[in-house]
1. Test residue 488 against the criterion of being in the same structural domain as residue 408 (by TED's automatic domain parsing), touching a Gly at 6+ places or on another chain (Cβ under 8 Å) and among the small types (Gly, Ala, Ser), and give yes or no.
2. Inside the range 246-294, counting only strands (runs of 3 or more DSSP E) that do not spill past its ends, which hold 1 or more residues that are touching an Asp or Glu at 6+ places or on another chain (Cβ under 7 Å), more than 20 Å from residue 314 (Cα to Cα) and at pLDDT 95 or above?
3. Modelled with pLDDT of 95 or more, acidic (Asp, Glu) and closer than 20 Å to residue 313 by Cβ: does that describe residue 355?
4. With without any contact (Cβ under 8 Å) to a residue 60 or more places away in the chain, within 26 Å of residue 141 (Cα to Cα) and among the aliphatic types (A, V, I, L, M) as the only criterion, which of 32, 70 stands out?
5. Take residue 440 and tell me if it is without any contact (Cβ under 8 Å) to a residue 24 or more places away in the chain and in the same structural domain as residue 370 (by TED's automatic domain parsing).
6. From the list 138, 109, 90, which residue is crowded, with 17+ Cβ neighbours inside 10 Å, over 29 Å from residue 220 (Cβ atoms) and out of contact with any Gly (no Cβ under 7 Å at 6 or more places or on another chain)?
7. Given the structure, is residue 341 assigned to a loop (DSSP other than H, G, I, E, B), of a type in the set (Lys, Arg) and either over 18 Å from residue 415 (Cβ atoms) or in contact (Cβ under 8 Å) with a residue 24 or more places away in the chain (or both)?
8. Name the residue, out of 154, 119, that is outside any strand (DSSP E or B), touching a residue at least 40 places away in the same chain (Cβ under 8 Å) and closer than 29 Å to residue 247 by Cβ.
Amino acid sequence: MIESIALDLPSIPYKTTINPKAPEDSIEEVAAHLKAVSSLIKLESRPPTSLNALYHRIRSDVERLKQALAEKGYFDGQVEFSITENTTPVMITVTFTLGVRYKISEIAVMTTENTPEPLHLVPSKAAKAIQLTLGEEVDLMRIQEANQRLGKYLRDHGYPFADMAEPEGQIDRDKKQLHVIFRAVPGGYAVYGKTKITGLKNLDPQFVRNRLVWQEGERFDERALEKTRLKLMGTGLFSGIEVKPDEENATTSEVVSLSVHVIEGPPRTIGAGLKYATTEGIGGQAFWSHRNIFGGGEGLGLMLRASPRLSKAKVDLDIPDIFAPEQHLRNEISATREQNRAYTSRSLEVGMRLEHPFTETIKGMIGITGEAGKVKRAGVTYLNRLIGFPVEMQIDASNDLIDPTKGGRLTAQVTPYFGKSGQDQRLVVSTAKGSYYLRLLKGDTVVIAGWAHGGTIASSSIDNIAPNKRFYAGGAGSVRAYGYKLLGPLDGDRIPLGGRSILEYGLEGRFRVTDTIGFVVFAEAGSVSSQAAPDVSNQNRLWGIGAGARYYTGIGPIRLDVAMPMKRRRGVTGKAIDSGYQFYLSVGQAF
């Protein structure tokens, strides 16, 4: 009878030490690099079964470590080993000598022998892409990265199928220098040709064509393909997008055709969410939307929001590409009931606005709105019968809508109203709000974010303005340390009066500890004035500080903030008007 058994052969455990041979060679960076690439160290947990196998592993590692030294520019570096066999574990000592680190003496960009045509390159821009300088110490990893950047540069400057051969080097051992040679396989200089769109089922192809960043006849630029892909993905209509040049005429034509293949996603979305803040209580929201209801990317949305302070029902219709590509006509009708310490109101609003993108980061808007409603405050009823003509400009140079880490945003709006708001026949509301995000460390681990908001109302007096048209501060989206609409002047019953002007701002430090966990600290201040000019003095300004936690998810950070007022105002009886803290739980950064 023949039986298979496992052969439990004895192993030879060992321990490896890697050190410089002389004190002057003790460079921590190089030693750490050698330890990271050493197979001896990596395989210590799997010892060999014989000394011959161990010696084979050592000799292989010596060659690997020599190559590792060469990667850092030490082409004359030496690696030696010694072994003590009569111990358990066996002791292996690897010593290295660096020698002189070579420097880059020349950088050349050439084509391969089978593609001898000259490259259409701007030397200064190519050098910027390579990011290597003459005289710098050799690092083969940086040279490899430069090779990849050069290939990307070629694809961004007219060569849709450019590739790069492995970089070459010529060593001058006497001068301790390296001549670096990059060899490109350009594949032919080309301009954009026709674009073929495939995969559409329910959407008009013109919708896709209106979002193509390139024009036929322009020099090929691979960056335009990625911008187009991101722009199409941002519409929410597609679950998959592939944008690429047609490889059939890769080397035979100076005109390259493009292929855009899309997969339409489900056009309908339904969702719901909850939100809680001590200033507003618990609230819920439900919505339904159809992003392609008529086949041209038209969006129809229904939204219902309910909380103790605010209930709102809204229907909106977005018509894209009206009169011009990417120009939107947005229509909205809403009914709102609001109940807070400042006032109670019921209103019906209808609005239409035309949005035009001037650049990728700047867009403008003009519109018309109509509002009819009733506002009550302290037993007084105000009627609103208004027609407004808003004009707005938006700049968004931030890198993310939900969790920005660099760049900034600015929105400015002026809305003249005609009709009746309280006792005034007309008023002009002007506001501006901006934010800026500064990334201090790579990986978004430390970000400093700041925001500011100012506004003014041109009218006869604040008493003639309906309370829901006045400015208020405090709560989410404002100075978080103070209650909802409570930062500002109050009457004898501690009811907010609102103001004709507002000025508020804040600074927040955002610290990311792990991929999913982070925390913030912040300070904010604001003031509301009955005068038309914002109060820039410290007399009426109120400050708040706070901290919060962030849990980062695929849809954005879940935030928990606790804010405390620096000054708690008190009434005539001595009772505190402001709470000692405010608590917020939501999705997305505060601003």
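The values are calculated or read from the model by the stated rules, or taken from the named source; none is laboratory data. In this text, all values refer to a predicted model and were calculated from it rather than measured experimentally. Heads up, the Cβs are rebuilt from the backbone with ideal geometry, glycines too, and the neighbour counts pull from every protein chain shown.
1. Working: in the same structural domain as residue 408 (by TED's automatic domain parsing): yes; touching a Gly at 6+ places or on another chain (Cβ under 8 Å): yes; among the small types (Gly, Ala, Ser): yes.
Yes; evaluated as a whole, the condition is true for this residue.
2. Values: elements: 255-264, 268-277, 281-290.
The qualifying strands (runs of 3 or more DSSP E) are 255-264.
3. On the way: modelled with pLDDT of 95 or more: yes; acidic (Asp, Glu): yes; closer than 20 Å to residue 313 by Cβ: no.
So residue 355 fails the test.
4. Working: 70 fails: without any contact (Cβ under 8 Å) to a residue 60 or more places away in the chain.
32 is the lone residue from the list that is without any contact (Cβ under 8 Å) to a residue 60 or more places away in the chain, within 26 Å of residue 141 (Cα to Cα) and among the aliphatic types (A, V, I, L, M).
5. Details: without any contact (Cβ under 8 Å) to a residue 24 or more places away in the chain: yes; in the same structural domain as residue 370 (by TED's automatic domain parsing): yes.
Yes; evaluated as a whole, the condition is true for this residue.
6. Numbers: 138 fails: out of contact with any Gly (no Cβ under 7 Å at 6 or more places or on another chain); 109 fails: over 29 Å from residue 220 (Cβ atoms).
Exactly one of 138, 109, 90 is crowded, with 17+ Cβ neighbours inside 10 Å, over 29 Å from residue 220 (Cβ atoms) and out of contact with any Gly (no Cβ under 7 Å at 6 or more places or on another chain), namely 90.
7. Values: assigned to a loop (DSSP other than H, G, I, E, B): yes; of a type in the set (Lys, Arg): yes; either over 18 Å from residue 415 (Cβ atoms) or in contact (Cβ under 8 Å) with a residue 24 or more places away in the chain (or both): yes.
Yes.
8. 119
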